[in-house]
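Visitor: Right, I'll just put the structure down here and ask away after.
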Amino acid sequence: MSKLESSLDGIYIEWKCLGDVAELKRGKTITKKNKKDGDIPVISGGQKPAYYNGDYNRDGETITIAGSGASAGYVMYWNQPIFVSDAFSVLPEPSVLEIRYIYHLLLNKQSWIYKLQKGVGVPHVYPKDLAKLEIPIPCPDNPEKSLKIQKEIVRILDTFTELTKELTKELTARKKQYNYYREQLLTFDEKEVKYLPMDDDNVGEFIRGKRFVKTDMINEGVPCIHYGEMYTHYGTWADKTKSFVSKDLVENKNLRLAEKNDVIIVAAGETIEDIGQGTAWLGQEGVVIHDACFYYRSTLNPKYVAYFTKTRQFHNQIRKHIRTGKISAINAKGLGKTLIPIPPIEEQKRIVKILDKFNILTNSVSEGLPKEIELRKKQYEYYRNKLLTFPKDTVEV
């Protein structure tokens, strides 16, 4: 890295508008009604293909910019046939610029490109505005040397992106493995292990939280969990909260608190799949629970229960008790009918110990693959910025 950085010191950089060194070409709008059957990605206003078509209008290496919608301006790179619809492509002059050099440059300017959004209602990004972006071209008077420098920058940055892709691929495989073993470990022969309703008198009970609103939440006070946070912040277990409510609110509204070893289960959401996710509360202090959640107090290992709420066998049972509508929900009676396997407590601990290792590997942001992926992304962004930021007054020495 230092060798390349030193080779960039003092070289002459010419700045040109993107529109002067690349073709910015609009796509051709099609809809699902007039598309043809096929597997060609249709690039429109989103960050992923809108759907697929039987024809293409770009082939080979192509950079696309989403033209409209919330993701208008999103930069993507393709090396396959695609159909550019409500978007436009960027094709640099190959004798002057490496296409992936431009791609990394545009990624480095992604925030700036988003600011080009215009329009009332649905935002748009237009080619004429992006065309004004100034592009640094190293050694423009020596095209061979210029392309060589660009290729080396691309090689380094692509190394980081490929590593991230490999780690992400491994993480996907590990998650599938994790889901498989979770199902296997929590499935028992009914002749050997009892299955009892979760609200059986000898097993546990569901207690509903009480209503508070987001405006009640503050930065310190009594720990609380709003049902919406269950989808975005909490996993299998927690001992700290991101939100709090005042002690006065707890007393005045007689809010309910889950205690250590209770399992908080979310009971409302936009889809059926959202319902039932459980988090074991392991904090020393009680935690206030929203009324779209229950806390489950039982004789079982709390993390064992939380892992069980993430299995197919649990969700297959509760589906028939969920009320659907704009917001789907389930009550304590529906949850309580769910049959849960009850192996000896030592077996529950053994299962938890195994699943904890998978959980750390696949979900932990402080260790495991997610942390490694995040570090590689930051490393890529650091070097992208370092290698693609040139002073405007750079002169040849």
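Visitor: Go through the range 238-289 and give me each residue that's under 30 Å from the mean Cα position of the chain (by Cα), of a type in the set (S, T, N, Q) and more than 23 Å from residue 364 (Cβ to Cβ).
Guide: Residue satisfying the conditions is 271 alone.
Visitor: Moving to a separate point now. Is it the case that residue 232 is buried (at least 18 other Cβ atoms within 10 Å of the Cβ), of a type in the set (S, T, N, Q) and without any contact (Cβ under 8 Å) to a residue 60 or more places away in the chain?
Guide: no
Visitor: Separate question: In the range 269-298, which residue that is of a type in the set (Ser, Thr, Tyr) and at pLDDT 95 or above is nearest to residue 348 (Cα to Cα)?
Guide: Once the filter is applied, the top-ranked residue is 298.
Visitor: List, please: which pairs have Cβ atoms under 8 Å, are six or more places apart or on different chains, and start with a residue in the range 251-268 that is at pLDDT 95 or above and open to solvent by 50 Å² or more (accessible area, probe 1.4 Å) and end with one that is in a loop (DSSP other than H, G, I, E, B) and polar (S, T, N, Q)?
Guide: 260/284
Visitor: Moving on to the next point. With the requirement that a residue be among the acidic types (Asp, Glu) and either under 20 Å from residue 27 (Cα atoms) or open to solvent by less than 20 Å² (accessible area, probe 1.4 Å) (or both), what does the range 114-136 give you?
Guide: Answer for the range 114-136, where residues must be among the acidic types (Asp, Glu) and either under 20 Å from residue 27 (Cα atoms) or open to solvent by less than 20 Å² (accessible area, probe 1.4 Å) (or both): just 129.
Visitor: Under 7 Å between Cβ atoms, at least 6 apart or on separate chains: pull out the pairs that start in the range 269-281 with a residue that is open to solvent by 40 Å² or more (accessible area, probe 1.4 Å) and end on any residue that is outside any strand (DSSP E or B) and of a type in the set (Val, Ile, Thr).
Guide: Between residues of the range 269-281 that are open to solvent by 40 Å² or more (accessible area, probe 1.4 Å) and residues that are outside any strand (DSSP E or B) and of a type in the set (Val, Ile, Thr), the close pairs are 270/327; 272/322; 272/324; 277/309.
Visitor: Among the residues of the range 315-324, how many are part of a loop (DSSP other than H, G, I, E, B) and open to solvent by 40 Å² or more (accessible area, probe 1.4 Å)?
Guide: Taking the range 315-324 as the starting set, the residues that turn out to be part of a loop (DSSP other than H, G, I, E, B) are 322, 324.
This time we only want the ones that are open to solvent by 40 Å² or more (accessible area, probe 1.4 Å), so: 324.
Residues that pass the stated criteria total 1.
Visitor: Search the range 139-192 for residues being under 15 Å from residue 11 (Cα atoms) and open to solvent by 80 Å² or more (accessible area, probe 1.4 Å), and hand back the single one that is nearest to the chain's Cα centre (by Cα).
Guide: 148
Visitor: Within the range 99-109, can one find any residue that is more than 27 Å from the chain's Cα centre (by Cα) and closer than 23 Å to residue 380 by Cβ?
Guide: Within the range 99-109 (the criterion being more than 27 Å from the chain's Cα centre (by Cα) and closer than 23 Å to residue 380 by Cβ), the answer is yes, since at least one residue qualifies.
Visitor: Filter the range 294-314 down to residues that are open to solvent by 10 Å² or more (accessible area, probe 1.4 Å), over 20 Å from residue 208 (Cβ atoms) and in a helix (DSSP H, G or I), then give me how many there are.
Guide: Residues flagged as open to solvent by 10 Å² or more (accessible area, probe 1.4 Å), over 20 Å from residue 208 (Cβ atoms) and in a helix (DSSP H, G or I) within the range 294-314 amount to 3.
Visitor: Right, something else. Restricting to the range 282-293, count the residues that are open to solvent by 10 Å² or more (accessible area, probe 1.4 Å) and either touching a helix residue (DSSP H, G or I) at 6+ places or on another chain (Cβ under 8 Å) or among the aromatic types (Phe, Trp, Tyr) (or both).
Guide: 1
Visitor: Filter the range 72-113 for residues that are in a helix (DSSP H, G or I) and either touching a helix residue (DSSP H, G or I) at 6+ places or on another chain (Cβ under 6 Å) or surrounded by fewer than 17 Cβ atoms within 10 Å (Cβ to Cβ) (or both) and give the result.
Guide: Answer for the range 72-113, where residues must be in a helix (DSSP H, G or I) and either touching a helix residue (DSSP H, G or I) at 6+ places or on another chain (Cβ under 6 Å) or surrounded by fewer than 17 Cβ atoms within 10 Å (Cβ to Cβ) (or both): 100, 101, 104, 105, 108, 110, 111, 112.
Visitor: Same structure, new question: Looking at (1) over 19 Å from residue 280 (Cα atoms); (2) open to solvent by 30 Å² or more (accessible area, probe 1.4 Å); (3) in contact with a strand residue (DSSP E or B) (Cβ under 6 Å, 6 or more places away or on another chain), which is the only condition residue 227 fails?
Guide: (1)
Visitor: Now, a different point. Check off (1) among the acidic types (Asp, Glu); (2) closer than 17 Å to residue 22 by Cα; (3) modelled with pLDDT under 90 for residue 141 and give me the number that stays unchecked.
Guide: (2)
The values are calculated or read from the model by the stated rules, or taken from the named source; none is laboratory data. Computed from a predicted model, the values in this text were never measured in an experiment. Neighbour counts run over all protein chains shown; Cβ positions are idealised from the backbone, glycine included. When the accessible area is computed, the model is the full protein with side chains, heavy atoms only, and any ligands, DNA or RNA have been set aside. Shrake-Rupley method; radii C 1.70, N 1.55, O 1.52, S 1.80 Å.
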